[in-house]
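Chemist: The structure is given below, and queries will be raised subsequently.
The values are calculated or read from the model by the stated rules, or taken from the named source; none is laboratory data. Computed from a predicted model, the values in this text were never measured in an experiment. Cβ coordinates were reconstructed from backbone atoms using ideal geometry, including for glycine residues, and neighbour counts include every protein chain displayed. Remember, those area values only see protein heavy atoms, side chains included, never the ligands or the DNA or RNA. Shrake-Rupley method; radii C 1.70, N 1.55, O 1.52, S 1.80 Å.
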Amino acid sequence: DYKYELRDKLSRAGANEVLTYSFVHRDLLKKSNIDADSTSYHIRNAISPDLQYYRPTITPSLLSKIHSNIKAEAGSSDNKFAIFEIGKTHRKGLVDTDGLPVCTDVLALVVSADDKSAENHRLGTAYYLAKKYLDMIAKGRVGYNRLDSITDQPLYALFAPGRSAIIHIDNEEIGVIGEFNQQTIKKLKLPQYSAGFELDIEKLQKLVGTNSYEPLAEFPPIKQD
């Protein structure tokens, strides 16, 4: 299973998997610079007032966990971590041939560290730490096109122009990677050392694929008597 392979690789590299709700509060989307009404399906009979919108991107859910984890380890000399989630997203307006919402399997990962840990461990920029994880699972095959301007596309809205990039393989766009814009950092109380990526798993698998091999023949042919 390709998702299991991704989980195994990221866990072995030190990232921790988390599970968050597929439904989110309007306020979380707003803090992430995402307009809920134009991008997200509103659940009329939501089980909770905090879970009224189906998320168009997983990254805000991960970002909502950063502040509490950094705060819990305040004062530690090793206050850094990477978290990831594999889940489904729906973007309002994207429908299939039957008129049903398109469901996309995505992988999102976020790295973060407080100022003290980032300096002590000489981590470099957060962007390049996130890129190490991405290059590992994509086998170094991805290309990057700089994200130069703010966009209302929900997948890109919370990333900082000039410090982020569109991810592509063989000229096919599969996601985005980068550091987060200052509005999102401030409203979600993120450390300045924070970055992440989110990508389409189906496209990644199609373009990169899983490791495969051909077993040796049980009875090798005889080339010469």
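Chemist: Looking at Ser194, Ser149 in this structure, which one is open to solvent by less than 20 Å² (accessible area, probe 1.4 Å) and either modelled with pLDDT under 85 or farther than 25 Å from Cys103 by Cα (or both)? Quick ask: steps written out before the conclusion?
Modeler: Values: Ser149 fails: open to solvent by less than 20 Å² (accessible area, probe 1.4 Å).
One residue alone meets the criteria, Ser194.
Chemist: Sort out which residues of the stretch 23-67 are among the aromatic types (Phe, Trp, Tyr) and open to solvent by 10 Å² or more (accessible area, probe 1.4 Å), and write them in order of number.
Modeler: Narrowing the stretch 23-67 to residues among the aromatic types (Phe, Trp, Tyr): 23, 41, 53-54.
Selection gives Phe23, Tyr41, Tyr54.
Chemist: Give just the number: which of (1) within 20 Å of His67 (Cβ to Cβ); (2) at pLDDT below 90; (3) surrounded by 13 or more Cβ atoms within 10 Å (Cβ to Cβ) does Ser112 not satisfy?
Modeler: (2)
Chemist: I've got another one for you. I need every pair where a residue in the stretch 121-135 that is more than 16 Å from Ala160 (Cα to Cα) has its Cβ under 9 Å from the Cβ of a residue that is hydroxyl-bearing (Ser, Thr, Tyr) and open to solvent by 40 Å² or more (accessible area, probe 1.4 Å), sequence separation at least 6 or different chains.
Modeler: Close Cβ pairs (under 9 Å, with a partner that is hydroxyl-bearing (Ser, Thr, Tyr) and open to solvent by 40 Å² or more (accessible area, probe 1.4 Å)) amount to His121/Ser77.
Chemist: Could I ask something else about it? When only residues in the stretch 59-104 that are free of Cβ contacts under 8 Å to residues at least 24 places away in the same chain and of a type in the set (A, V, I, L, M, F, W, C) count, which is farthest from Glu119 (Cα to Cα)?
Modeler: That would be Leu100.
Chemist: I've got another one for you. Hey, can you tell me all the residues within the stretch 157-178 that are open to solvent by 20 Å² or more (accessible area, probe 1.4 Å) and either modelled with pLDDT of 90 or more or of a type in the set (A, V, I, L, M, F, W, C) (or both)?
Modeler: Taking the stretch 157-178 and keeping what is open to solvent by 20 Å² or more (accessible area, probe 1.4 Å), we get 161-163, 166, 168, 170-173.
Passing the criteria: Pro161, Gly162, Arg163, Ile166, His168, Glu172, Glu173.
Chemist: I want to confirm something. Restricting to the stretch 116-142 and keeping residues that are under 20 Å from Phe84 (Cα atoms) and not in a helix (DSSP H, G or I), which single residue is most open to solvent (accessible area, probe 1.4 Å)?
Modeler: Going through the qualifying residues, I end up with Lys139.
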